[in-house]
Ligand code: DX5
Ligand code: ZN
């Protein structure tokens, strides 16, 4: 089993105090920072892009996990690398030439991930699975923070973990959307190991919330 990793989504943060909040969750022990880039076309909303990521880069050396909710994200690989991305995640649904885009990310020296919307079956990953470091299974429809977890996505996590194990792959499985300390055990039990949480980390006291997640992860490390 891979180590379980928390990736707080800054979309849930207080944007007036973004730098401080990123430093706070990093200090509290979150190994990744999840950055949701939205273009207003692939998803209805517009969030932020390279300038913001670049300015946050000076706050922490944690892994910048960039979730591109953008049509044809291959156009931005070099710019994202310059801005400080460590890992770029692209949606299968947003890439006409997914193989090309994944390899473009790897050739830039970054880690590559593919994301699937809730209604996209995991079988679509059949040919690309061995080429990626991580798969993101969306557990809500992408576009907004603070939505409710969609229960049928749990079965997708299980079948993707099975698919990876059958092929001898230790690919990370990330889940994103509606994850809380109440349902995180369900997604971990199903096989997820990179946990994105926006509202559940930034609402209330971020350091205490991070600690709550990390305490749960430790229960698994001790097993
Ligand atoms: C949704 C984003 C998520 C979002 C998660 O489109 O990809 O990363 O910020 O937020 P919560 O945890 O509040 O559902
Ligand atoms: Zn996300």
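The values are calculated or read from the model by the stated rules, or taken from the named source; none is laboratory data. From a predicted model like this one, the values you see are computed outputs, not experimental measurements. Every residue, glycine as well, gets a Cβ built from its backbone with ideal geometry; the counts of neighbours run over all protein chains shown.
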- line: Reported set for the range 116-137 where residues are touching a helix residue (DSSP H, G or I) at 6+ places or on another chain (Cβ under 7 Å) and either closer than 15 Å to residue 34 by Cβ or within 16 Å of ligand 1 (Cβ to nearest atom) (or both) is 116, 117, 118, 120, 135, 137
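Quick grid of which residues meet (1) assigned to a strand (DSSP E or B); (2) under 23 Å from residue 2 (Cα atoms); (3) within 16 Å of ligand 1 (Cβ to nearest atom); (4) out of contact with any strand residue (DSSP E or B) (no Cβ under 9 Å at 6 or more places or on another chain):
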residue: 64; (1), (2), (3), (4): yes, yes, yes, no
residue: 68; (1), (2), (3), (4): yes, no, yes, no
residue: 74; (1), (2), (3), (4): no, no, no, no
residue: 90; (1), (2), (3), (4): yes, yes, yes, no
residue: 93; (1), (2), (3), (4): no, no, yes, no
residue: 102; (1), (2), (3), (4): no, yes, no, no
residue: 112; (1), (2), (3), (4): yes, yes, no, no
message: For the condition at pLDDT 95 or above, farther than 28 Å from residue 78 by Cα and within 16 Å of ligand 2 (Cβ to nearest atom), what is the one hit in 149, 217?
response: 149
